[in-house]
Amino acid sequence: IELAGEINNSMPDYVINRAMQILNDDGKALRNAKVLLLGVAYKKDIDDMRESPSLKLIELLMQQGADFKAIDPHVGKFRVNGETLETTELTDELLEEADIVILATDHTAFDYAKIAQQSKVIFDTRNAFKGIETPNRYIKL
């Protein structure tokens, strides 16, 4: 149980490091990269933020200087490092402008086919795009 907890706690660091590698492959740095983080809630289709790994992802994105937007249809406001942040509505423009889209929580409200069609790069940490045609770069966890 202790080992499982350690692995779970290290996943946000792994996701951010992997996102950095993906961006580096495109000749970009995470600093100032346009990042869309899909899902802030702890689990699919709920608004509970307690122990959500997305909060640590957001903290790391802030530390790295990423230009990020958090998208979650179930969460409006949340706090990271004492700062109140708000989620943003997912738009075509945000998808097209994003250097990378990171799926952190696989809410059923997300239109995965549309996201796949409009995103340059998708980093799917939940295997939610399985079976969906992704014409651009698609990376699974």
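The values are calculated or read from the model by the stated rules, or taken from the named source; none is laboratory data. Values in this document were obtained by computation on a predicted structure and should not be read as measured data. Positions of Cβ are generated from backbone atoms using ideal geometry, with glycine treated the same way; all protein chains shown enter the neighbour counts. Areas reflect the complete protein model, heavy atoms only, side chains present, ligands, DNA and RNA absent. Shrake-Rupley method; radii C 1.70, N 1.55, O 1.52, S 1.80 Å.
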Review point. What whole number of Å gives the distance from the Cα centroid of the range 108-141 to the Cα centroid of the range 31-45?
Key: 13 Å
Review point. Where Lys and Arg each count +1 and Asp and Glu each count -1, what net charge lies around ARG137 among other residues with Cβ under 12 Å from its Cβ?
Key: -2
Check your understanding: Roughly how many percent of the accessible protein surface of the chain is carbon and sulfur, given a 1.4 Å probe and a whole-percent answer?
Key -> 45 percent
Check your understanding: P(r) of the chain in 5 Å steps, Cα pairs, percent per bin?
Key -> 2, 10, 21, 24, 22, 14, 5, 1, 0
Check your understanding: For the range 13-141, with every protein chain kept in place, what is the accessible area per residue (1.4 Å probe, Å²)?
Key -> 52 Å²
Exercise for review: Would you calculate a helix-derived [θ] at 222 nm for the chain, using -39,500 (n - 2.57) for each DSSP H run of n ≥ 4 and dividing by the full residue count, to the nearest 500?
Suggested key: -11000 deg cm²/dmol
